[in-house]
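Beneath this line is the structure, given in structure tokens, with notes to follow.
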Amino acid sequence: MFLNLMKKKQEKRFLLERWRLHERQMVTQLSHKTEELRLLAERWRLLVDHAIDGVALQQAIWASPGRLSDYRFLEWNPAAQRILGLDPGQVIGRTAGEVWPAGLQNGWLARYARVLTTGRSERIEDCPVTVGGIEKRLDLACFPLDANHFVTLFRDVTERQTTQHRLRQYAAEMVLANQNLEKVNAELGRRNSELEEFTHVASHDLQEPLRKVVSFGDLLARALG
């Protein structure tokens, strides 16, 4: 009986040691996971802060399943501030309806809802955005993080669109100028033809009087010796 008691104590000690070892392993793994998460958070912050594109993390506000009524801004990087002129204090924690109410009427909500429900990212090119009375054109990409959170990346293409518009205007002006030049060339060709015809007729009409003048001069020369 004494041996059984000792054996049970050894078994308990062994189990306790195994539990403590497992506990230390769990703590070590948790510490490693925490460090990994910290490094990921630092890398995310570094990436977001130095991105040349605007980055916004947003939380969906559902009116009903599949119907997005608004979204709340959770992240707003320096590039987003530079592009749209809104600092993080004006955006983070607020809804899109509070930041720019007109933005809810441009079809973005339906696109964002589709991204969240399908899990597929989408691109929106040359999208108009009016902030502070100033309209800008954005190329935007949206991708989901989970069923309620999504990230948008956007870049300002206002100057590019303005330049392209000016180039199109210049091209149209060049086409019009070429058409006018063709008309002028055609008119010059017609007038040159008329002038050539007039010169031919005038030359022909002057030949007979000139012959008579020459003949009369010959007669005078003979008559006067």
Quote the FRET efficiency, to the nearest 0.05, computed for residue 50 versus residue 143 with a Förster distance R0 of 25 Å and r equal to the Cβ-Cβ distance.
-> 0.80
Between residue 114 and residue 82, how many nm apart are label points set 7 Å from Cα along the C-beta direction?
-> 3.2 nm
Put a dot 7 Å past each Cα toward the Cβ at residue 90 and residue 64; how far apart are the dots in nm?
-> 3.6 nm
Interchain or long-range residues, amide H under 5 Å from residue 131's placed H = 136
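Read the figures in this text as sums done on the coordinates, not as results from a lab. None of the values given here were measured: they were computed from a predicted structure. Positions of Cβ are backbone-derived with ideal geometry, glycine not excepted, and every protein chain shown enters the neighbour counts.
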